[in-house]
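This report refers to the structure that appears directly beneath it.
The values are calculated or read from the model by the stated rules, or taken from the named source; none is laboratory data. Note that the coordinates shown come from a computational prediction; the quantities given were computed from them, not determined experimentally. For neighbour counting, all protein chains shown are included, and Cβ atoms are generated from backbone atoms with ideal geometry for every residue, glycine included.
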Amino acid sequence: MADLTSRGDHVDGDTRGQVLLVAAFALAITFVALALVANSAIYTENLATRAGSEDTTDVLTFRDSVEKAVGGSIRAANERESSTFGPIDTAVQSGIQNVSDWTSKQEARESALVSVEHVTNTQGTRIAQSNASQFLSSNTSTAPRPNWTVAEDVSGTRAFEITVTDTATLATTSSDEFTVTATAMGGTESWELHVGEDGSGAVEVTVERENPAVSASCTAPVTGDPVTVDVTAGTVGGADCPALDVVSGKEMHFGAGVSTPYDITITNGDHIEGRYSLVVDNATLGSNPDVSAAVGDPLTNETQPYAYPAMYSATVDVSYYTDVVEYRSEIRVVPGEPS
Amino acid sequence: MTPKRGVSTTLAYVLMFAIATILVGGLLISGGNFVEDQREQVIRTELGVVGQQLAADLAGADRLVAASDGTPTVNISRQRPASVAGSGYRVKLVAQSDPYLRLTSSRPDVSVTVGLSNRTALGNSTVWGGSVEIVYDRTTDRLVIEDAS
């Protein structure tokens with residue numbers, strides 16, 4: 001039997017428990033390893049709480065604000081109505097430089113390095129009538145006609161607004177209604193916009209497109225004058241008009257279904273009274289005899305409608321750098337283009 | 001009990017030693033298994049966290065590419081842990097109709113899959129954990145992951 005009393009061999013008493021000691025050491029190492037694993041677990045929890053995706057949101061916000069700022073610069077330069085394109089070009093480029101300077105200062109506070117650079121721009125023409133009158137041609141050699149060509153060889157139209165100042169002049173039958181047509185050059189596809197009255201004093205806008213053929217209309221929410229039809233933004237009297245946007249999954253915006261380039265014509269211009277303005281991307285409209293070339297102050301200009309050089313679009317190079325995100329892209333800014 | 005019996009003492013000692021060894025060995029083995037289990041769990045959780053963050057960054061890069069017209073330069077690089085609970089890991093981006101990210105640790109062999117949804121095309125790529133960079137490849141119009149150098 002084993003001698004369990006301490007009266008036994010002195011050496012035995014000393015060597016007893018060695019296995020236990022070694023085992024204790026080994027177990028201690030195991031516990032230390034467990035502590036390291038627990039440390040990893042705590043680190044993982046900390047890692048999981050770090051949010052990551054606000055960097056891309058910042059980039060997209062910045063991009064959007066640059067697009068709006070440059071769009072505003074284009075609009076402001078066009079509104080100055082210069083008779084040559086040069087001053088508009090200079091104004092927009094200096095506006096873009098301002099946007100770059102100010103956004104650099106602002107974003108530097110968020111530790112981001114940004115820059116906005118002008119790459120190129122497209123010259124177009126702004127055709128407008130600022131006196132409230134019928135939408136007739138301004139052909140000065142013959143009498144103004146109600147059916148005339150607004151612009152030819154156009155590939156893009158933006159910022160098209162019609163303001164009706166006298167609803168009583170609108171027609172109620174579709175054959176008499178004032179119509180704006182975009183017809184493909186050398187083709188027959190067309191897109192039509194009719195502005196008439198629905199019979200109870202409210203402005204009614206009808207849009208027809210071909211290929212596939214869809215027709216839709218919407219009415220202004222209130223009667224009375226004036227009523228603004230924003231063709232490219234898709235609103236009538238301030239309310240959204242799906243007939244100018246998407247109907248049954250088909251695009252209905254200005255020129256939908258018409259291949260570029262196209263011509264823009266007006267018919268029954270004597271069945272409407274008001275003002276209008278649109279910007280097209282054709283820069284050579286000075287030769288259109290139905291529109292007078294820009295002369296003098298348009299508010300007192302007796303020959304209306306008139307055509308002024310305008311900037312149609314501008315392309316800028318936007319870059320955004322932080323320690324996490326690097327983003328560089330070209331943005332084409334076209335304020336008021338139907339999407 | 002004073003006279004020692006030679007065989008009994010040795011036998012007793014060996015018996016005691018054997019029992020002690022079995023007990024302690026059992027304790028150590030179960031302790032070791034326990035630590036291994038915990039380690040595997042921690043690795044799985046950490047790979048899952050790193051994978052989800054990578055997927056979020058990929059979605060962000062996807063948004064940036066989709067918002068640009070033309071071919072932009074998009075680059076997202078973030079510092080991520082180089083090892084999970086003492087083990088290195090690899091990240092693999094598998095581009096197919098149901099794309100996913102697979103993170104695999106070296107020792108022990110633990111694998112975690114994170115699903116992705118995207119609009120921009122993705123490119124097959126594999127990279128070691130650590131500094132992973134998400135790059136938009138302008139020549140192939142794909143988002144890939146690369147080692148940030």
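Scan the stretch A:304-339 residue by residue and report those that are part of a loop (DSSP other than H, G, I, E, B) and either within 16 Å of the chain's Cα centre (by Cα) or among the basic types (Lys, Arg) (or both).
Across the stretch A:304-339, the qualifying residues are A:VAL334, A:PRO335, A:GLY336, A:GLU337, A:PRO338, A:SER339.
Within the group B:VAL132, B:VAL74, which residue is in contact (Cβ under 8 Å) with a residue 60 or more places away in the chain, under 18 Å from the mean Cα position of the chain (by Cα) and within 24 Å of A:ASP323 (Cα to Cα)?
Residue meeting the stated conditions: B:VAL132.
Among the residues of the stretch B:86-103, are any over 30 Å from A:ASP64 (Cα atoms), within 11 Å of chain A (Cβ to nearest Cβ) and either part of a loop (DSSP other than H, G, I, E, B) or of a type in the set (A, V, I, L, M, F, W, C) (or both)?
Checked the stretch B:86-103: at least one residue is over 30 Å from A:ASP64 (Cα atoms), within 11 Å of chain A (Cβ to nearest Cβ) and either part of a loop (DSSP other than H, G, I, E, B) or of a type in the set (A, V, I, L, M, F, W, C) (or both).
When residues of the stretch B:37-51 are filtered for being under 28 Å from A:LEU21 (Cα atoms) and either modelled with pLDDT under 85 or at the interface with another protein chain (Cβ under 9 Å from one of its Cβ atoms) (or both), how many remain?
Pass one, the stretch B:37-51, residues under 28 Å from A:LEU21 (Cα atoms): B:37-39.
Keeping just the survivors that are either modelled with pLDDT under 85 or at the interface with another protein chain (Cβ under 9 Å from one of its Cβ atoms) (or both) gives B:38-39.
Of the residues in that region, 2 qualify.
Could you check A:GLY72 against (1) surrounded by 17 or more Cβ atoms within 10 Å (Cβ to Cβ); (2) away from chain B (no Cβ under 14 Å); (3) of a type in the set (Gly, Ala, Ser) and say which number it fails?
The number of the failed condition is (1).
Which of the residues that make up the stretch A:322-339 are over 19 Å from A:ILE96 (Cα atoms) and either facing chain B (nearest Cβ under 8 Å) or among the aromatic types (Phe, Trp, Tyr) (or both)?
Residues satisfying the conditions are A:VAL324, A:VAL325, A:GLU326.
With the requirement that a residue be more than 14 Å from A:GLU67 (Cβ to Cβ) and surrounded by 23 or more Cβ atoms within 10 Å (Cβ to Cβ), what does the stretch A:308-326 give you?
A:TYR308, A:PRO309, A:ALA310, A:MET311, A:TYR312 - these are the residues of the stretch A:308-326 that are more than 14 Å from A:GLU67 (Cβ to Cβ) and surrounded by 23 or more Cβ atoms within 10 Å (Cβ to Cβ).
(1) buried (at least 21 other Cβ atoms within 10 Å of the Cβ); (2) of a type outside the set (Gly, Ala, Ser); (3) over 25 Å from A:ALA233 (Cβ atoms): which one isn't true of A:ASN121, the others all being true?
Going through the list (1) buried (at least 21 other Cβ atoms within 10 Å of the Cβ); (2) of a type outside the set (Gly, Ala, Ser); (3) over 25 Å from A:ALA233 (Cβ atoms), A:ASN121 breaks only (3).
Under 9 Å by Cβ, and 6 or more places apart or on different chains, what pairs join a residue from the stretch A:121-135 that is under 18 Å from A:ASN268 (Cβ atoms) with one that is part of a strand (DSSP E or B) and acidic (Asp, Glu)?
A:ALA132/A:GLU273; A:SER133/A:GLU273; A:GLN134/A:GLU273; A:PHE135/A:GLU273
Just wondering, is there one or more residues in the stretch A:55-75 that are at pLDDT 75 or above and either touching a Phe, Trp or Tyr at 6+ places or on another chain (Cβ under 6 Å) or not in a helix (DSSP H, G or I) (or both)?
yes
Output the number of the condition that A:VAL92 fails; it satisfies all remaining conditions of (1) over 23 Å from A:ARG332 (Cα atoms); (2) touching a residue at least 40 places away in the same chain (Cβ under 8 Å); (3) not in a strand (DSSP E or B).
So the condition that A:VAL92 fails would be (1).
Residues in the stretch A:97-111: is at least one over 13 Å from A:PRO309 (Cα atoms), in contact (Cβ under 8 Å) with a residue 24 or more places away in the chain and not in a helix (DSSP H, G or I)?
Scanning the stretch A:97-111, I find at least one residue that is over 13 Å from A:PRO309 (Cα atoms), in contact (Cβ under 8 Å) with a residue 24 or more places away in the chain and not in a helix (DSSP H, G or I), so the answer is yes.
Within 7 Å of another protein chain (Cβ to nearest Cβ), polar (S, T, N, Q) and surrounded by fewer than 17 Cβ atoms within 10 Å (Cβ to Cβ) - does that describe any residue in the stretch B:16-36?
Yes, that holds for at least one residue.
Strands (runs of 3 or more DSSP E) wholly in the stretch A:198-260 with at least 2 residues that are closer than 20 Å to A:THR157 by Cα and under 24 Å from the mean Cα position of the chain (by Cα) - which ones?
Working: elements: A:203-209, A:214-219, A:227-230.
In the stretch A:198-260, the matching strands (runs of 3 or more DSSP E) lie at A:203-209, A:227-230.
Give me a count of the residues in the stretch A:26-54 that are more than 16 Å from B:ASP37 (Cβ to Cβ), more than 7 Å from chain B (Cβ to nearest Cβ) and either of a type in the set (A, V, I, L, M) or surrounded by 16 or more Cβ atoms within 10 Å (Cβ to Cβ) (or both).
6
Please enumerate the residues belonging to the stretch B:58-82 that are within 9 Å of chain A (Cβ to nearest Cβ) and small (Gly, Ala, Ser).
Answer for the stretch B:58-82, where residues must be within 9 Å of chain A (Cβ to nearest Cβ) and small (Gly, Ala, Ser): B:ALA59, B:GLY60, B:ALA61, B:ALA67, B:SER68, B:GLY70, B:SER77.
Criterion first (touching a Lys or Arg at 6+ places or on another chain (Cβ under 8 Å), modelled with pLDDT of 90 or more, over 19 Å from B:ASP62 (Cβ atoms) and assigned to a strand (DSSP E or B)) does B:THR126 satisfy it?
In short, yes.
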